[in-house]
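**Student:** Let me give you the structure first, and then I'll get to my questions.
The values are calculated or read from the model by the stated rules, or taken from the named source; none is laboratory data. Computed from a predicted structure; not experimentally measured. Note: ideal-geometry Cβ built from the backbone for every residue, glycine included; neighbour counts use all protein chains shown.
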Amino acid sequence: MEKKTANFTLKTAADHDDDDLVDHPKVPGWFSEHCPIWPGQAHFLKVEKILFQGRSEYQSMMVFQSSAYGKVFVLDGALQLTEKDECAYQEMITHLPLCSIQNPNKVLLIGGGDGGILREISRHSSVQQIDICEIDTMLIDVYKKYFPGIAIGYEDPRVTLHVKDGKLATTSL
């Protein structure tokens, strides 16, 4: 169902059957995200160039160059990360928990395939061992290729990558 407004056409979620929307409803070249986990909001970003589109065994991925946020990573149609503001998420999700533990020495990260949390964990000198469990190697490879400044976390010698389902990691690591 479409509703006309003064400057643009609004489309309901029922009007979109797929998650791979790369066009604004009225302005070609815009990425639009209508994610059911964020009801009542949508994000639109101007796409300068699509750098990568692919599908792994587990999920669809897209990387594009935006005009305002640098490179953008999209997972199953939902914005996951932008170069411009990724540090806010990575830093908060890492440093708050690690600073609440006196001298943490072992860290298990389930997910976090972009490597940004690894990058932030590596700033803690008390940490001696960092295990990351990520099921999707294609996701890791895409981040290493298109976001090397974020995926640099994988280069820390304390990091051990375990390619497996995160549910299995808690019992085997």
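**Student:** Among the numbered criteria (1) under 16 Å from the mean Cα position of the chain (by Cα); (2) at pLDDT 95 or above; (3) exposed (fewer than 12 other Cβ atoms within 10 Å of the Cβ), which one does K145 miss?
**Tutor:** The number of the failed condition is (3).
**Student:** Can you find, within the range 71-88, the residue that is modelled with the lowest pLDDT among those that are crowded, with 16+ Cβ neighbours inside 10 Å and over 10 Å from the mean Cα position of the chain (by Cα)?
**Tutor:** Looking at the filtered set, the residue picked out is G77.
**Student:** Here's a follow-up. Before we move on, is D165 surrounded by 15 or more Cβ atoms within 10 Å (Cβ to Cβ) and out of contact with any strand residue (DSSP E or B) (no Cβ under 7 Å at 6 or more places or on another chain)?
**Tutor:** Values: surrounded by 15 or more Cβ atoms within 10 Å (Cβ to Cβ): no; out of contact with any strand residue (DSSP E or B) (no Cβ under 7 Å at 6 or more places or on another chain): yes.
Considered against the rule, which asks whether it is surrounded by 15 or more Cβ atoms within 10 Å (Cβ to Cβ) and out of contact with any strand residue (DSSP E or B) (no Cβ under 7 Å at 6 or more places or on another chain), D165 comes out as no.
**Student:** So which pairs qualify, if the first residue must be in the range 33-50 and among the small types (G, A, S), the second must be surrounded by 12 or more Cβ atoms within 10 Å (Cβ to Cβ) and part of a strand (DSSP E or B), the Cβ gap must be under 7 Å, and the two must be at least 6 apart or on different chains?
**Tutor:** From the range 33-50, the pairs are A42/S32; A42/E33.
**Student:** OK, next. Among the residues of the range 119-141, what is the count of those that are touching a Leu at 6+ places or on another chain (Cβ under 6 Å) and not hydrophobic (A, V, I, L, M, F, W, C)? If you could, list the steps in order and put the result at the bottom.
**Tutor:** To start, the set of residues in the range 119-141 that are touching a Leu at 6+ places or on another chain (Cβ under 6 Å) comprises 124, 131-132.
Among the residues that remain, those that are also not hydrophobic (A, V, I, L, M, F, W, C) are: 124, 131.
Here the count works out to 2.
**Student:** How many residues are surrounded by fewer than 19 Cβ atoms within 10 Å (Cβ to Cβ) and either in contact with a helix residue (DSSP H, G or I) (Cβ under 7 Å, 6 or more places away or on another chain) or assigned by TED's automatic domain parsing to the domain that holds E134 (or both) when one looks only at the range 55-70?
**Tutor:** The total comes to 1.
**Student:** In the set W30, W38, which member is more than 21 Å from D114 (Cα to Cα), at pLDDT 85 or above and out of contact with any helix residue (DSSP H, G or I) (no Cβ under 7 Å at 6 or more places or on another chain)? Spell out how you get there, then give the answer.
**Tutor:** On the way: W38 fails: at pLDDT 85 or above.
Answer to the check: W30.
**Student:** All but one of (1) among the acidic types (D, E); (2) modelled with pLDDT under 95; (3) closer than 30 Å to T171 by Cβ hold for E57, so report the exception by its number.
**Tutor:** (2)
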